[in-house]
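The values are calculated or read from the model by the stated rules, or taken from the named source; none is laboratory data. In this text, all values refer to a predicted model and were calculated from it rather than measured experimentally. Every residue, glycine among them, receives a Cβ derived from its backbone with ideal geometry; neighbour counts consider all protein chains shown. Note: areas computed on protein heavy atoms with side chains; ligands, DNA, RNA excluded. Shrake-Rupley method; radii C 1.70, N 1.55, O 1.52, S 1.80 Å.
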Amino acid sequence: MNECMNIYELIQKELDGELTTKEMELLDKHCSHCFACQELRQDFFQTIYGLNNLPELDPGEALIETIMNTIYSKSPAQKNISSKGLTGIVAGLVLFCSSGIFLLGSVIISLIAGGLLYLGYENFSLGFIENIIYWLTYGYNLLSVFKHVFNNPYSSIFLVTVLLLSMVSFTILVMLLYSRRIINYEKV
Amino acid sequence: MVFTDEQLAIKSQQGDKQAFEELIKRYQKPVFTICYRYLGNSQDALDAVQETFIRIYNKLALFDANNTFRPWLYKITVNIAKDFIKKRKPWEELDFSLKSELGDPQANIELTQVQEQIKKALLKLPEKYRMAVILRHIKELEYQEIANVLNLPLNTVKTHVRRGRDILRIQLKEVEL
């Protein structure tokens, strides 16, 4: 019986084509006198033969067309960035640029405003650069600044112009967003 | 000129529609056979094949030209077929086993009595053994290739195949008696 257990292992190995010549001889010899193992071997071979000979199945011609239509009605393969991802990147870039422009703009405006305020103040005891620094540092004291600014007609005109330009830029940005030239939300 | 699977996959990556169609033509039968033998009914198998090729297409950018295409395709096929089984409700499982007993009208292929019994017995195998046996004895893949496809150690795959075919043998013997 113990020998038959070993033979079972040998049959399994035989099915996988892993038998050595010596093992094959042993298997053949055992099966020539043991009817049970001979039958077991035969059953295994019948099962494997049946599996090997199960026909390959055809899903039909219509399948290719269905798959191709499904795939190629969508975006092509090389576009591996989805439309949502692309919109996210565009939105991120717009935000990044906007914040950059805002920062740069505020610095430039500060410089110009500081320079002009220098003239407006008529505070010649301080130098040009010192005046800009003074304005940037103490600019929060708007009341005192405005008091001096509005004393000078040129500074007032400058400030009103900056205010108007800011409002116009903001309006243009909002209009662009609404006209969807920047981000098309329908395609998200 | 006949292109290899890998060449066709690269051409498909570059947007060649005909190359991808050629890949489907080459592999639709093997993929359908695996799905049908594993899932047991043609409607699910057809859906699985469709999903397999769509997923292949969507993942083409990830295909490395140094790798072979076939194991990659079979890996995706196996994962999708397993997903179909997972999604099945218990009552659907019963329904499919009944259908397989009665024979699927859409799989209009004449089988010998033994083959018909094998087909039914295969569907009664535990899933992990079933897929291993299908890949080994129906698709005739090497053990190492099956291990790669199923993402299992080589010895585990051997055990699954051996246990699977042993159960099949016993089931077929019972039918004979």
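Could you grab the pairs with beta carbons closer than 6 Å, sequence gap of 6+ or different chains, first residue in the range B:124-144 and closer than 16 Å to A:ASP16 by Cα, second one hydroxyl-bearing (Ser, Thr, Tyr) and open to solvent by 30 Å² or more (accessible area, probe 1.4 Å)?
From the range B:124-144, no pairs qualify.
Of B:LYS82, B:LYS87, which residue is open to solvent by 60 Å² or more (accessible area, probe 1.4 Å) and more than 22 Å from B:LEU152 (Cα to Cα)?
Details: B:LYS82 fails: more than 22 Å from B:LEU152 (Cα to Cα).
So the residue among B:LYS82, B:LYS87 that is open to solvent by 60 Å² or more (accessible area, probe 1.4 Å) and more than 22 Å from B:LEU152 (Cα to Cα) is B:LYS87.
Okay, residues lined up against (1) in the same structural domain as A:MET167 (by TED's automatic domain parsing); (2) assigned to a helix (DSSP H, G or I); (3) modelled with pLDDT under 75; (4) surrounded by 11 or more Cβ atoms within 10 Å (Cβ to Cβ):
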position: A:ILE48; (1), (2), (3), (4): no, yes, no, yes
position: A:THR87; (1), (2), (3), (4): yes, yes, yes, yes
position: A:CYS97; (1), (2), (3), (4): yes, yes, no, no
position: A:SER110; (1), (2), (3), (4): yes, yes, yes, yes
position: A:ASN123; (1), (2), (3), (4): yes, no, yes, yes
position: A:TRP135; (1), (2), (3), (4): yes, yes, yes, yes
position: A:VAL145; (1), (2), (3), (4): yes, yes, yes, yes
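Pick from the range B:29-47 the residues that are without any contact (Cβ under 8 Å) to a residue 40 or more places away in the chain and surrounded by fewer than 23 Cβ atoms within 10 Å (Cβ to Cβ): which of them is farthest from the other protein chains (Cβ to nearest Cβ)? I'd like the intermediate steps shown before the answer.
Start the filter on the range B:29-47 by keeping residues that are without any contact (Cβ under 8 Å) to a residue 40 or more places away in the chain, which leaves B:29, B:32, B:45-47.
This time we only want the ones that are surrounded by fewer than 23 Cβ atoms within 10 Å (Cβ to Cβ), so: B:29, B:46-47.
Numbers: B:LYS29: 5, B:LEU46: 6, B:ASP47: 10 Å.
So, considering only residues that are without any contact (Cβ under 8 Å) to a residue 40 or more places away in the chain and surrounded by fewer than 23 Cβ atoms within 10 Å (Cβ to Cβ), the one farthest from the other protein chains (Cβ to nearest Cβ) is B:ASP47.
Among the candidates B:LEU168, B:LEU150, B:LEU172, which residue alone is aliphatic (A, V, I, L, M) and more than 8 Å from chain A (Cβ to nearest Cβ)? Break it down into steps so the answer makes sense when it comes.
Values: B:LEU168 fails: more than 8 Å from chain A (Cβ to nearest Cβ); B:LEU172 fails: more than 8 Å from chain A (Cβ to nearest Cβ).
Only one candidate qualifies: B:LEU150.
Across the range B:133-160, what is the total count of residues that are in contact with a Ser or Thr (Cβ under 9 Å, 6 or more places away or on another chain) and crowded, with 23+ Cβ neighbours inside 10 Å?
3
Among the residues of the range A:8-39, which ones are away from chain B (no Cβ under 14 Å), assigned to a helix (DSSP H, G or I) and β-branched (Val, Ile, Thr)?
Answer for the range A:8-39, where residues must be away from chain B (no Cβ under 14 Å), assigned to a helix (DSSP H, G or I) and β-branched (Val, Ile, Thr): just A:THR21.
Which ranges mark the helices (runs of 4 or more DSSP H) fully within the range B:65-153 that have 1 or more residues being more than 26 Å from B:PHE3 (Cβ to Cβ) and at pLDDT 90 or above?
Counting at least 1 such residues, we get B:69-87, B:113-124, B:127-133, B:143-150.
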